[in-house]
Every structure is written in C-alpha cells, then in structure tokens.
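The values are calculated or read from the model by the stated rules, or taken from the named source; none is laboratory data. Nothing here was measured: the structure is a model prediction, and the numbers come from that model. As a convention, Cβ positions derive from the backbone with ideal geometry for all residues, glycine included, and neighbour counts pool all protein chains shown. Accessible surface is based on the protein model in full, side chains and every heavy atom, while ligands, DNA and RNA are left aside. Shrake-Rupley method; radii C 1.70, N 1.55, O 1.52, S 1.80 Å.
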Amino acid sequence: MSNLKMKEAALIYLDRSGGLQTFINDCKYYNDSKQSYAVYRFNILINPSDIVELDAELGNHILHHPVKAAEVFQSVCFIAVKTLSLIGQLQTETQINIVLKLTHLPSLPSYSLNFCEFRLDYTSQRFYMMQGIVIAMTTVTKYTQGARFLCSDEACPLSKGFQYIRVHAPGATESATVRNDFLCNLCSSSLQEDRKFRVLGDKQIVEIITAKALHAFQGYSNTQPFRFQSLTIFLRDELVNKMSIGNEYKIIGIPTCVKTLQTSVCIEANSITFCNPKVPSGISDNFRCLLSLTSSSCWKFTAILANIFASHIVPPGTYNFLKLCLLMSLVQTRDSNKELEDCLDILIITSDTLLVDRLLNYSINLVPRGVRHPVSTEIFPTLFRNNYGTGAVSIQAGSALLAKGGICFIGDLASYKKDKLEQLQSVMESRSITVYIPGKKFGDDTNQQTTFPIQCSFWSFIDMDSSSRKNMQKTNTLIGQMDCSLIPANLVEVFGLLINCNESSPCHPFLPTVQHTLKKAIDPEGLLYLASKQFTTEDFEKLLAFAKNLNVEFSLEAERMVHGYYLASRRIRTDSIFGSKLSASALKYLISLSEAHARLNLRNKVLKEDVLIAVLLFETSLTLKYGATVFCVAPNAVFPFELYNEEYLEQRDVYLTQCQQQLLQFIATYGPGTAVFASDE
C-alpha cells in the first residue's frame with residue numbers, strides 16, 4: 001500500500017510540475033525514431049521542496065534512497081507508456097531508465113559534504129551537496145548506458161525479448177554493466193550481450209578541491225603542515241563539458257566507492273550549478289569615515305590607502321608607489337563568471353627580494369583567487385593519464401588556471417629556464433594557452449587540442465643583486481632606463497607595469513624598514529602602528545571585495561585624455577627603423593589603470609584625475625623600459641612628498657594638478673590633430 005501511495009504521489013507531481021508533458025514529448029521522439037532501442041532514458045526534474053510538501057514519504061525516498069525512488073517513477077512511467085500507447089516498441093519495464101535530476105537539496109548540514117572533515121558513509125547511496133573548484137579534467141570518453149542480454153540456450157524462453165536489461169548504476173564501473181559471466185535466472189546458462197542494442201553515453205571525470213584548499217597555494221602557513229584532499233566527480237551525458245577548469249561549482253551527487261587502480265570515494269554527479277559569490281554590501285566604518293574626510297580631493301583617499309596598506313609587513317609611508325600599484329591590480333580582479341579582461345601584470349626590480357616577496361604574498365591573500373605558484377609545479381596546464389582506467393587524458397590546471405579572476409604570483413623570474421619564460425611571454429601576449437593531446441601517446445587514433453583562456457594577473461620580481469645579473473650589466477642604457485638584461489626584453493615588455501624598488505629609489509626608504517624589521521623580530525604579533533589597529537587586514541579585504549564589483553564608466557573628458565595621451569606617447573616613441581614601442585595592449589593597460597583608480601576611490605565614474613594617475617604610473621614604467629622622452633615624469637611623481645599630515649596631502653594635490661596641466665599640454669602638442677601628426681595619422 002505504501003508503494004502504491006508513492007506511485008500515486010509521483011504521478012500527481014509529474015502532472016502538476018509539467019514533467020508528465022515533458023515525458024510524453026520525449027516518448028514521441030523515441031516512437032518516431034526508426035532506430036530500435038533496448039533502453040529508453042528519461043530525465044525527470046525533481047524539486048525536493050515540492051515533493052516533500054506533496055508526499056513526505058516519497059520525498060524522503062528521493063533524498064535518502066534515490067535508487068528505490070527511481071524505481072517508483074520507472075513503474076509510473078511504464079504504466080503511462082502502455083496506457084497512452086506512447087512507445088510501440090517498448091516491451092518491459094526494465095527498458096525504462098529513469099534519472100532523477102534534483103534542483104537543490106535542503107540547506108541542512110547533513111546534506112552537505114565537507115571536504116575537510118570527510119566522514120562519509122558512501123554505502124548509503126544518497127544525495128549530498130558539495131562545492132569546489134575544478135583543478136583537473138579528462139577528455140570525454142564513452143561508457144555503456146544500457147545493454148540487452150539474452151540467454152545462450154535457444155530452448156530457454158529468455159533467449160528472446162527484453163527480459164535481461166542492464167543499465168548503469170551510480171558509481172558502477174563498465175564491468176558492472178557489461179561482462180560475460182552473467183547467468184540466466186531460469187536455466188543458469190550464460191547470458192550473451194546483443195551488441196547491436198548497446199546504448200553508449202558520454203563520460204568525463206573532473207577533480208575538485210574546496211576553496212579553503214587554495215590557502216595551500218597562498219603561502220598561508222609556512223610553519224604548520226597543510227594537507228588538502230581533492231574529490232573525483234563523474235560527469236555523464238548532458239553534464240559533460242558543463243564544467244571548466246578554474247571555476248567553482250555546487251554539485252549534487254551520490255558518493256560511491258570506486259575500485260580501480262586505487263580504491264577511492266568518488267561522486268556520481270546529478271546536477272551542477274555555477275557558484276556566484278556574494279557581493280559585499282559595503283566597507284568598514286573607518287574606511288567610510290576616511291572616504292568622507294577626503295571627499296574634496298580625487299587623490300587623497302587612494303594616497304592614504306597606499307600609505308597605510310600592509311603595515312604588518314612594511315612601515316607606513318614606505319613602498320607607497322608599489323603598494324598603490326598592488327591595490328590597483330587587486331581591485332581589477334573578479335569573483336564572478338565574467339571574463340577578466342582588465343589584467344594588471346606587475347614586474348618589480350628590487351634589491352630586497354625578501355621584503356618584496358613578503359609584501360606580495362600578503363597581498364594575494366586579500367582576494368579569493370590569489371595563488372602563489374609553487375616552484376615544484378607547473379604554471380600552465382599539463383597532461384597526465386588518469387587513474388580510473390578509462391583511457392582518458394587528464395588535464396591538470398596549473399597555477400594560472402587556479403588563479404582565474406585573481407592574481408598568480410610566480411616569484412623570481414630569474415629562477416625559470418628559458419623555455420618556461422618563452423611560454424610565459426607567449427601566454428601573456430595572447431591571454432590563452434593551447435594544450436596538445438597526442439593521440440598515439442594516450443591510446444587514441446586522433447590528436448586533440450584544447451585552448452584555455454588565461455584570466456589572471458601575473459606578479460613577479462627580478463633580483464637586482466643576483467650574481468648572474470652583476471656579470472651582465474649594460475653600460476649603454478638611456479636616461480631613466482633600467483637594466484633588465486637578465487630577462488628577455490620581449491618578456492619585460494608584456495608586463496604592463498615595471499616598478500623599480502631599490503635602496504636608491506624614492507619608494508624604498510632604508511631606515512624605517514630596518515627599524516620595522518627589528519621591532520617585528522622582538523614582537524612578531526604586535527601592532528606597531530596606529531594604522532594597523534584602525535585599518536585591519538579584514539577591513540582591506542572588505543574594501544577590495546566591494547570596490548572590484550563596482551561597474552565603472554569613463555567620463556567624456558577622461559576618455560579623450562586617455563586616448564590623447566596614448567596617441568601622443570605612441571607618436572614620440574616611434575622611429576623609422578623599429579616602429580612604435582607602444583603596442584595596442586598599452587591602451588588596454590591605460591584604461592585598466594584608470595578604472596582601477598576609480599574603483600579604489602569607490603566611484604562609478606572614471607574622471608580625468610584617475611587618468612592622470614594611470615598616465616604617471618604607466619609613463620614611469622615606460623621610462624624604466626625605454627628611457628625618458630619629451631614628456632618627462634619624475635620617478636616619484638605619484639608620491640612626491642612623504643605623507644605625514646594633511647598639509648603634505650594638500651601639497652601633493654597641488655603638484656598633481658600641475659602634472660595634469662603638463663599632460664594636457666603634452667597632448668595638445670603631440671596628440672591627434674596637431675602639426676606633429678602626419679595626415680594618415
């Protein structure tokens with residue numbers, strides 16, 4: 001009686017939800033097809049909330065005994081087919097393969113699979129919800145959805161018809177569905193597969209990790225051991241190719257124990273949903289107050305941010321130029337599925353690699369997808385043979401894909417070999433990488449290739465004091481040009497910002513840094529400055545999370561200024577032999593820098609004041625790469641004074657206003673429409 005009641009509830013639910021009409025349409029497709037089928041597969045969309053409200057027992061079956069629940073719907077669907085004469089070729093109930101697709105699971109702890117705890121009863125065969133980032137993915141292969149078997153004894157009644165139908169069960173291997181040792185229940189003769197009725201489906205295997213595991217790639221703890229566990233997900237049929245490496249998903253599936261080359265717990269995926277992160281509602285009260293106090297200026301707020309940023313690592317007032325660039329790069333990261341087109345790559349030339357390394361490592365921990373590349377692994381995707389005996393090739397993510405929408409900190413460029421640097425240059429130019437899969441090597445007849453977009457910003461540095469560098473010093477550098485001979489010139493050019501941080505530069509005052517280091521050695525956990533207490537790391541995390549989700553647009557003045565500077569700068573940096581030193585990507589960097597400064601000011605409109613900061617940062621970088629030009633920018637133009645109080649901020653505003661007038665004069669002299677430009681320009 002209980003089973004009959006559940007069948008009635010299942011029929012009522014199918015009728016009310018529109019599932020019955022969908023089922024009838026699917027049956028019409030099968031009935032109109034000229035092909036003969038041994039198995040008819042149907043997906044039924046299930047809303048657990050609606051089911052539980054309609055019939056609690058059926059809802060409990062779906063959530064905790066999904067295989068038995070599928071049998072209930074199988075029986076209902078078979079009766080519907082026979083009653084309504086939907087599929088003329090259908091003979092037995094076992095020919096119907098029902099797949100229940102859940103829209104969601106109850107928001108209760110017992111339905112969530114925690115990767116860190118991982119106390120899991122995989123024998124229960126019930127649904128769990130898990131969330132993770134895809135770190136590896138195989139190519140698509142085939143598996144057996146269903147097969148027809150016949151008794152080998154021709155005298156047996158079961159040597160004909162569709163009595164022996166085997167379909168894939170969650171977690172089952174290929175040998176569990178199709179093999180040669182099945183016996184007839186009637187005469188105990190061996191069963192033989194009727195191969196012309198075998199139904200094949202698509203299969204793909206992915207590996208995911210919890211977002212917390214990214215701490216292992218952020219230099220999160222250098223003193224305590226850290227372990228994380230990946231989880232294997234089996235995607236089948238309509239779920240194949242629905243996931244991308246580097247994205248985060250919510251997955252509903254059934255845990256199973258798979259015994260292949262190694263025994264492990266895997267998940268048979270039922271449904272997949274892309275994770276859209278929550279957008280923070282605002283910033284801390286201290287930052288809100290600071291923003292209000294500096295509202296009269298377009299430059300003061302970001303100057304103070306740079307001044308106090310990372311006071312745990314370096315004293316306030318030091319490395320301001322570098323810290324402003326880091327904040328602007330961080331604010332251009334993305335958490336959503338929107339493609340990251342506004343990357344801000346940073347290359348730092350320094351003589352104090354330890355302090356710069358600490359500063360960059362601290363900064364990448366402020367965004368969800370900040371990844372410190374481990375030297376022992378690969379930056380870009382690599383190929384491996386998967387461990388589940390499917391013959392498919394597994395593509396491992398690499399640090400760049402894990403940092404999707406964020407920052408990939410790759411350390412000292414001088415530590416990489418020539419081929420790796422050439423690969424990095426190629427990827428940064430095209431913002432994509434193609435992985436070639438040789439067929440012969442991995443047991444396939446044809447070669448394949450897959451292209452992945454690279455949607456992260458790269459941070460790196462060069463050690464000024466390296467022994468190899470000292471032996472390669474150039475003597476014929478131009479005024480203002482930095483010697484980067486240790487790294488290929490083409491690679492230096494693809495980094496949007498080149499920053500000089502050494503003891504002789506304005507961004508590296510020596511004495512305060514020494515004092516800070518000594519105090520930290522005495523009291524590692526102590527807050528040495530008032531700024532550290534007023535503006536915490538959590539406050540900066542909230543600020544960046546809020547700012548990077550702002551949608552900004554250019555004002556007309558700002559748009560004219562950024563294009564005018566680009567054309568003028570391109571004109572004066574062009575010669576008849578080598579052409580222009582500014583590529584088309586330079587304009588993208590200028591736009592990205594301008595947007596970043598506006599976002600950091602928590603504005604939706606890019607103003608000409610934002611463009612000025614972008615131009616000063618970019619021109620300083622160009623001077624380090626190619627030497628000074630007629631538009632000469634001082635190395636400390638963005639921070640000409642040490643920011644001690646309001647008076648110094650006012651002086652900086654006056655100085656930047658003068659720089660803005662010089663920029664407008666430069667554009668008027670060398671920009672479009674001037675006598676300097678040829679007619680075709």
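Just a few scattered comments:
- For ASP610: the one exception among (1) among the charged types (D, E, K, R); (2) part of a loop (DSSP other than H, G, I, E, B); (3) in contact with a helix residue (DSSP H, G or I) (Cβ under 6 Å, 6 or more places away or on another chain): (2)
- Scanning region 281-292 turns up one or more residues that are within 24 Å of ALA211 (Cβ to Cβ), surrounded by fewer than 17 Cβ atoms within 10 Å (Cβ to Cβ), touching a helix residue (DSSP H, G or I) at 6+ places or on another chain (Cβ under 9 Å) and hydroxyl-bearing (Ser, Thr, Tyr).
- Matching residues, region 271-287, being under 30 Å from GLU248 (Cβ atoms) and part of a helix (DSSP H, G or I): PHE287
- Subset of region 112-124 [modelled with pLDDT of 80 or more and open to solvent by 20 Å² or more (accessible area, probe 1.4 Å)]: SER112
- Counting only strands (runs of 3 or more DSSP E) that sit completely within region 129-209, those holding 2 or more residues that are open to solvent by 20 Å² or more (accessible area, probe 1.4 Å) and hydrophobic (A, V, I, L, M, F, W, C) correspond to 164-167, 199-209.
- So SER264, is it within 24 Å of the chain's Cα centre (by Cα), open to solvent by 20 Å² or more (accessible area, probe 1.4 Å) and at pLDDT below 90: no
- Helices (runs of 4 or more DSSP H) completely within region 530-603 that count 3 or more residues being open to solvent by less than 70 Å² (accessible area, probe 1.4 Å) and in contact with a Ser or Thr (Cβ under 9 Å, 6 or more places away or on another chain): 537-547, 556-572, 585-600
For (1) closer than 26 Å to ARG288 by Cβ; (2) touching a residue at least 60 places away in the same chain (Cβ under 8 Å), each residue gets a yes or a no:
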residue: LEU612; (1), (2): yes, no
residue: PHE618; (1), (2): no, yes
residue: ALA628; (1), (2): no, yes
residue: ALA637; (1), (2): no, no
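- Within region 1-17, residues that are open to solvent by less than 70 Å² (accessible area, probe 1.4 Å) reach partners that are small (Gly, Ala, Ser) with beta carbons closer than 9 Å, at six or more positions or on different chains, in the pairs MET6/ALA69; LYS7/SER75; ALA9/GLY59; ALA10/ALA69; ALA10/SER75; TYR13/GLY19; LEU14/ALA80.
- Per-region count, region 18-41, residues small (Gly, Ala, Ser) and open to solvent by 50 Å² or more (accessible area, probe 1.4 Å): 1
- Residue within region 127-144 that is under 36 Å from the mean Cα position of the chain (by Cα), modelled with pLDDT of 90 or more and outside the structural domain of ILE233 (by the TED database) present: no
- Strands (runs of 3 or more DSSP E) fully within region 391-441 counting 2 or more residues that are farther than 16 Å from THR377 by Cβ and not small (Gly, Ala, Ser): 432-437
- Test: LEU305 is in contact with a Cys (Cβ under 6 Å, 6 or more places away or on another chain) and closer than 16 Å to LEU617 by Cβ: no
- Condition check for ASP357: touching a residue at least 24 places away in the same chain (Cβ under 8 Å) and in contact with a Pro (Cβ under 8 Å, 6 or more places away or on another chain): no
- Residue among ASN43, ASN25, ASN60 that is touching a residue at least 24 places away in the same chain (Cβ under 8 Å) and outside the structural domain of ILE165 (by the TED database): ASN43
- Within region 329-348, the presence of at least one residue that is buried (at least 24 other Cβ atoms within 10 Å of the Cβ) and in a helix (DSSP H, G or I) is confirmed.
- Index of the failed condition, LEU366 passing every other in (1) in a loop (DSSP other than H, G, I, E, B); (2) open to solvent by 40 Å² or more (accessible area, probe 1.4 Å): (2)
- Any hit, region 68-88, residues being open to solvent by 20 Å² or more (accessible area, probe 1.4 Å), assigned by the TED database to the domain that holds LEU45, over 18 Å from TYR40 (Cβ atoms) and out of contact with any Ser or Thr (no Cβ under 7 Å at 6 or more places or on another chain): yes
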